[in-house]
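Here is the structure we will look at.
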Amino acid sequence: MLPVRCTDRPIDRDPHNLTSPCDAIVGACGRIDRNELIQAKGFPYTLQDLLIDPQLVRLYRDGQYVTLRLTPSMYHRFHAPYDCTVDKVTYVSGDTWNVNPIALNRIAKLFSKNERAVICTMLRPSGVVVTLVPVAAILVASIRLHFLDVLLNMQYRGRAEIPCQASLSKGQEMGWFQHGSTIIVFAPKGFVLCESVEERAVVRMGRPLMRLPS
């Protein structure tokens, strides 16, 4: 059974703020060290491992990231973090390891092994690209997106680029998981995390996540 839709959640309208796409617990966050970021303490992985696309790896080098962990009991639909357009989704097939803290502290490069979607959102009107990576997990062998007429699931193999034409407003629902999982948000150099965003903090969909470059 899908969770109740969130129709009355306040959305931060400050044009300088990128908002959280979902309710979540911050698993890791901060500046990307050249090409490396943290899954959990002592467990690094690289942009190339997760995103695969060399152009995106260059874009987010020394940028900012936030790992948002959705627990099974949370509202687990996700929303546009800003007014944006999406013209393609890159689906990467993989495993569906559990993404809870125990697994993250035991399995190296777990996010890069799991099934995931790479959603590049182009912010309007600046054209800056912010990428969301929903990562599938146990009992979540599919990721649903409203603007695609195909189901992202294990029927694909390897990497598949799926074209689309989506124009989204800040806070508009993009899709959902059928269980708890993870979304990793990537922003280029120049963005900064909002003060309330730190490891283990609870964030709510629509609240400030990062500040755009001035």
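The values are calculated or read from the model by the stated rules, or taken from the named source; none is laboratory data. Nothing here was measured: the structure is a model prediction, and the numbers come from that model. No Cβ is skipped: glycine too gets one built from the backbone with ideal geometry, and neighbour counts run over all protein chains shown.
Are any residues in segment 30-68 closer than 23 Å to residue 168 by Cα and of a type outside the set (A, V, I, L, M, F, W, C), and if so, which ones? Passing the criteria: 60, 64, 65, 67.
When segment 200-214 is limited to residues that are of a type outside the set (A, V, I, L, M), over 24 Å from residue 51 (Cβ atoms) and part of a loop (DSSP other than H, G, I, E, B), the one that is modelled with the lowest pLDDT turns out to be 214. Selection over segment 159-194 of residues that are part of a loop (DSSP other than H, G, I, E, B) and of a type in the set (Ser, Thr, Tyr) gives a count of 2. Taken over segment 62-87, the residue count meeting the criterion of being farther than 16 Å from residue 181 by Cα and exposed (fewer than 15 other Cβ atoms within 10 Å of the Cβ) is 2. Residue check: is residue 197 assigned to a strand (DSSP E or B) and at pLDDT 85 or above? No; evaluated as a whole, the condition is false for this residue. Within segment 118-129, residues that are on the phi > 0 side of the Ramachandran plot and of a type in the set (Phe, Trp, Tyr) reach no partner that is surrounded by fewer than 19 Cβ atoms within 10 Å (Cβ to Cβ) and modelled with pLDDT under 95 with beta carbons closer than 8 Å at six or more positions or on different chains. When restricted to residues that are closer than 13 Å to residue 69 by Cβ and over 16 Å from the mean Cα position of the chain (by Cα), segment 183-198 contains 0.
Regarding segment 103-126, can at least one residue be identified that is in a loop (DSSP other than H, G, I, E, B), over 21 Å from residue 45 (Cα atoms) and either hydroxyl-bearing (Ser, Thr, Tyr) or modelled with pLDDT under 70 (or both)? Among the residues of segment 103-126, at least one is in a loop (DSSP other than H, G, I, E, B), over 21 Å from residue 45 (Cα atoms) and either hydroxyl-bearing (Ser, Thr, Tyr) or modelled with pLDDT under 70 (or both), which makes the answer yes.
Note on segment 180-198: residues that are surrounded by 15 or more Cβ atoms within 10 Å (Cβ to Cβ) and of a type outside the set (Ser, Thr, Tyr) total 11.
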